[in-house]
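See structure below.
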């Protein structure tokens, strides 16, 4: 039996941000992540994004019996808490990458589109770890 649903609040996103940034930082500034991203295909990107979504959903709704995704506020049929978690998971990595200048440091040459594609793949790798921190912070606090 599922317990009472924890209502989503803006403070939940703040908690997600703390956890997401905490675990995203080290991966944004690691050359190996950017080298890996340069060699990833579009299929690898899609699989990595799928992993982030699966970890996020599992952490929010499978590991915490106090949450019922069907009872939460929704955006286009998706629970608002999950939308927030995905935004934080990918957004924290992307923001840190831009603030630290990681794309210009780690992506050599190429067109803007090629640099953006490598950056997107690097963000997806970092998001695998960021989502763990964000979901944990949301669940614990």
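The values are calculated or read from the model by the stated rules, or taken from the named source; none is laboratory data. Treat the numbers as computed from the prediction; the structure is a model and nothing was measured. We place every Cβ from the backbone using ideal geometry, glycine too, and count neighbours over all the protein chains shown.
Does residue 81 meet the test of being touching a helix residue (DSSP H, G or I) at 6+ places or on another chain (Cβ under 7 Å), in a helix (DSSP H, G or I) and surrounded by fewer than 18 Cβ atoms within 10 Å (Cβ to Cβ)?
Considered against the rule, which asks whether it is touching a helix residue (DSSP H, G or I) at 6+ places or on another chain (Cβ under 7 Å), in a helix (DSSP H, G or I) and surrounded by fewer than 18 Cβ atoms within 10 Å (Cβ to Cβ), residue 81 comes out as no.
Looking only at region 11-39, filter to residues that are under 14 Å from the mean Cα position of the chain (by Cα) and under 10 Å from residue 122 (Cβ atoms); which one of those is surrounded by the most Cβ atoms within 10 Å (Cβ to Cβ)?
Ranking the qualifying residues of region 11-39, first place goes to 28.
Do you know which of the residues in region 87-99 that are touching a helix residue (DSSP H, G or I) at 6+ places or on another chain (Cβ under 6 Å) and surrounded by fewer than 23 Cβ atoms within 10 Å (Cβ to Cβ) is farthest from residue 47 (Cα to Cα)?
Across region 87-99, the extreme among qualifying residues is 96.
Kindly list, by first and then second residue, each pair from a residue in region 46-68 that is under 11 Å from residue 124 (Cβ atoms) to a residue that is at pLDDT 95 or above and outside any helix (DSSP H, G or I), limited to pairs with Cβ atoms under 9 Å and residues at least 6 apart or on different chains.
If the second residue must be at pLDDT 95 or above and outside any helix (DSSP H, G or I), the pairs left are 48/40.
All but one of (1) surrounded by fewer than 20 Cβ atoms within 10 Å (Cβ to Cβ); (2) under 12 Å from the mean Cα position of the chain (by Cα); (3) more than 12 Å from residue 23 (Cα to Cα) hold for residue 114; state the number of the condition that does not hold.
With (1) surrounded by fewer than 20 Cβ atoms within 10 Å (Cβ to Cβ); (2) under 12 Å from the mean Cα position of the chain (by Cα); (3) more than 12 Å from residue 23 (Cα to Cα) applied to residue 114, the lone miss is (2).
Of all residues in region 52-68 being surrounded by 15 or more Cβ atoms within 10 Å (Cβ to Cβ) and in a helix (DSSP H, G or I), which is farthest from the chain's Cα centre (by Cα)?
Here the answer is 61.
Taking residue 76 and the conditions (1) closer than 30 Å to residue 116 by Cα; (2) touching a residue at least 40 places away in the same chain (Cβ under 8 Å), which numbered condition does it fall short on, given that it satisfies the others?
(2)
List every residue pair whose Cβ atoms sit under 9 Å apart, with the two residues 6 or more apart in sequence or on different chains, where the first one lies in region 18-41 and is modelled with pLDDT of 95 or more and the second, anywhere, is surrounded by fewer than 22 Cβ atoms within 10 Å (Cβ to Cβ) and in a loop (DSSP other than H, G, I, E, B).
Here the result reads 34/107; 37/107; 38/107; 38/108, each pair linking region 18-41 to a residue that is surrounded by fewer than 22 Cβ atoms within 10 Å (Cβ to Cβ) and in a loop (DSSP other than H, G, I, E, B).
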